[in-house]
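Shown next, in structure tokens, is the structure this report addresses.
Just so it is clear, none of the values below were taken in a lab; they were calculated from the coordinates. Just so it is clear, the structure is predicted and the values come from calculations on it, not from any experiment. When we count neighbours, we look across all protein chains shown, and the Cβ atoms used for this are built from the backbone with ideal geometry, even at glycine.
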Amino acid sequence: MKYSDEFLGFSRAKKRVISMLIDSMFIFIAFWGAFGVRFGHFEYIAEIELWQTYVILTVVTIATFVKLGLYRAILRYLSFHALLVVSTGALISAVALSVSGFYLDDAVIPRTVPVIYGAFLALLAGGSRLVMRTLVFTKKSGSKKRVLIYGAGSTGRQLCIALRQSQDYMPVGFVDQDRSLVGTYILGLKVLPTNKIDYLIHSLKCEKVLLALPRASRSERKAILDKLASLTVEVLTVPSMEDIVNGDAKIDELRDVPIEDLLGRDPVAPRQELMGADITGKVVMVTGGGGSIGSELCRQIIMQRPTKLILFELSEYGLYAIDKELQSVVQEHHLDVEVIPLLGSVQRVNRLQAVMSAFKVQTLYHAAAYKHVPLVEYNVVEGVRNNVFGTLYTAQAAVKANVETFVLISTDKAVRPTNVMGTTKRMAELVLQALAKQNTNTRFCMVRFGNVLGSSGSVIPLFKKQIINGGPVTVTHKDITRFFMTIPEAAQLVIQAGAMGKGGDVFVLDMGESVRISDLAENLIKLSGLEVKTDANPHGDIEIHYTGLRPGEKLYEELLIGDNVSKTSHERIMTAQEISLTWDELSVILNQLDEACHNFEHHRIRSLLLEAPTGFDPTDGISDLVWHAKHDEALTDNVFEMASSKEQSNTEIA
């Protein structure tokens, strides 16, 4: 092993010279060995004519190997092609020996000698290279992580070949659900059934399982991941087939398991007639265009080729980032779309109306909102201003600018809300429902859905960061559940639902089954190759710490109010009949709410939200930080005054 290390450390030119010298030695052994086998003695070695033949043969053979490119092959990447070159060179050398015996009368070369010689040379030159490659491979494999490949199809085979050339992983076996492959050998590795994966992981000392199933559906991948989660082994996956085909990723660029695979929700292909109905050839505006949902809406919208796409965003950086991204998309796909980045707040009605009128907006997606439950609880006035009045001002500006379609991005937290954020979103829905009852040219609708994976404030990136840092993973409550959907799917369904609206519609997206957050955290830990630390397993790696529900947070989210729900022509979109108010009824509440916000009257704000038909049922008291600071200060001053008054009274008595 020491000499092989030294050999590998030489320069490429020096390695080629050494290889030629070694091959010359092999020619010597093969040449004289062939005669020894044929005659059974070595008396012929003294014949000068045979030495002349040997010298000529050595020159011819080395020249042949050079011409065939044998010395350009890198030893550690030796393949079947290199062995074919060795065999071809040995055959040519044997033929040269036969020819020399035919033309050189002085050298007696029996017919069997070239055959024996050729076999010996092929075995020596080829076998030595295989042995050296094995030594190099064994040495490097010692530091590689042993992995099991799940999937013995074409992707699994390509992955195995790629990993064998890598510096990090060493494949030790395949597992596959296809019974026709079980028991066979692929690339020297045995294919075993999936029900033996637990045994294989321990017996083969595998550190990771690599999923090579890019064509499997999410429901199929979820079933596999549910089995692997109980094994406490790190699971990685190859990129999707779409990314591989598009050149966005290589097959050996292993990634963490996408969280959507844990949910097992298969996306439904969007209906093109709905995707383009309100967008293609029109002027489209997105408020909150730099946010998680707003930016994905913009990505989906621009591919439907509007004439103009107006990005309306309060955050300068958010606007810069999405504008830069979309401009590159326009250039890459040669789209005839004008992207217009505009800074602005939805709380400034004049700015909104000026923008919509100037660009003659036809379709508007209102995604601008404060959505983080605890933060809105801590900032009640701003939450009401942005979510309720921001929607009101945007809708009123749309009516004046004759916008054709207005789509509100709502939330499942608007259903029987226990927090201010959900209540303000329900109030925003009431605003649009009331405006829809008036005779306007604008068609209003709203789309309600749950949590999206990867959005700002999403729990999944937090869990992953906590796992990387060694824990603990923080979950608010053991039984808390949430609905989840990927951002691209949510954006596509929002666009399609908006095209189906007739006016005042409340659309509800099918979010599938709700997910228990503690189970999600536990699976993420286990699929990272770690164990959950519990009382029953005190030597585990990561503990799940339950912090308690935050202000305004509830255990279960709902997507509907009442049972009056109807299906639509789209399997993932439903419509709900909700309680609504006339504009005259709602305007009274809005005027009072505006006055209460202006005066920072938090008790009055809460009372108005409770009186409105929102279903608001708060689980906590007022959590606004400014209100608490003033309230606590006033309470302290009051206590101080009482103490001072008592002290003065005692002094007077004395």
* To do: About the Cα centre of segment 145-257, how large is the charge dipole given +1 on each Lys and Arg Cβ and -1 on each Asp and Glu Cβ? Please answer in debye to the nearest 20.
  => 360 debye
* Structure fact -> Applying the gyration tensor rule to the Cα atoms of segment 145-257 (axes a ≥ b ≥ c; rounded if a/c under 1.5, else prolate if a/b exceeds b/c, else oblate), the class is rounded
* Structure fact -> If each part is reduced to its alpha-carbon centroid, segment 350-411 and segment 261-281 end up apart, in Å, by 24 Å
* Structure fact -> Ordered by fewest other Cβ atoms within 10 Å, a rough proxy for footprinting exposure, Leu263, Leu610, Leu297 read Leu610, Leu263, Leu297
* Got a sec? How would Leu555, Leu200 order by Cβ neighbour count within 10 Å, fewest to most? -> Leu555, Leu200
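Projected area of segment 339-443, taken from the Cα convex hull and averaged over every viewing direction, in nm²? Provide the component values of the computation, followed by the final result.
Working: hull surface 26.7 nm².
Result: 6.7 nm².
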* To do: Among the GluC sites (Glu not before Pro) in segment 443-525, which ones are in a DSSP loop with at most 16 other Cβ atoms within 10 Å of the Cβ? Mind listing them?
  => Glu513
* **J(HN,Hα) series, segment 386-397, from Karplus relation 6.51 cos²θ - 1.76 cosθ + 1.60, nearest Hz, glycine and proline x** => 6, 7, 8, 6, x, 5, 4, 5, 5, 5, 5, 5
* Asked: List the chymotrypsin sites (Phe, Trp or Tyr not before Pro) in segment 460-547 that DSSP assigns to loop (not H, G, I, E or B) and whose Cβ has at most 15 other Cβ atoms within 10 Å. Which are they?
  -> none
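Mind listing which trypsin sites (Lys or Arg not before Pro) in segment 154-207 are in a DSSP loop and have 10 or fewer other Cβ atoms within 10 Å? Write down the numbers at each step before the final one.
On the way: sites: Arg157, Arg164, Arg179, Lys190, Lys196, Lys205; in loops: Arg179, Lys205.
Passing sites in segment 154-207 are Arg179, Lys205.
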* Asked: What lysines sit close enough to Lys14 to cross-link, taking a C-alpha to C-alpha distance under 26 Å and skipping anything fewer than 8 places away on the same chain?
  -> Lys2, Lys67, Lys139, Lys140
* **Point-to-point label distance, Ser217-His603, nm (Cα→Cβ direction, 7 Å offset)** => 5.8 nm
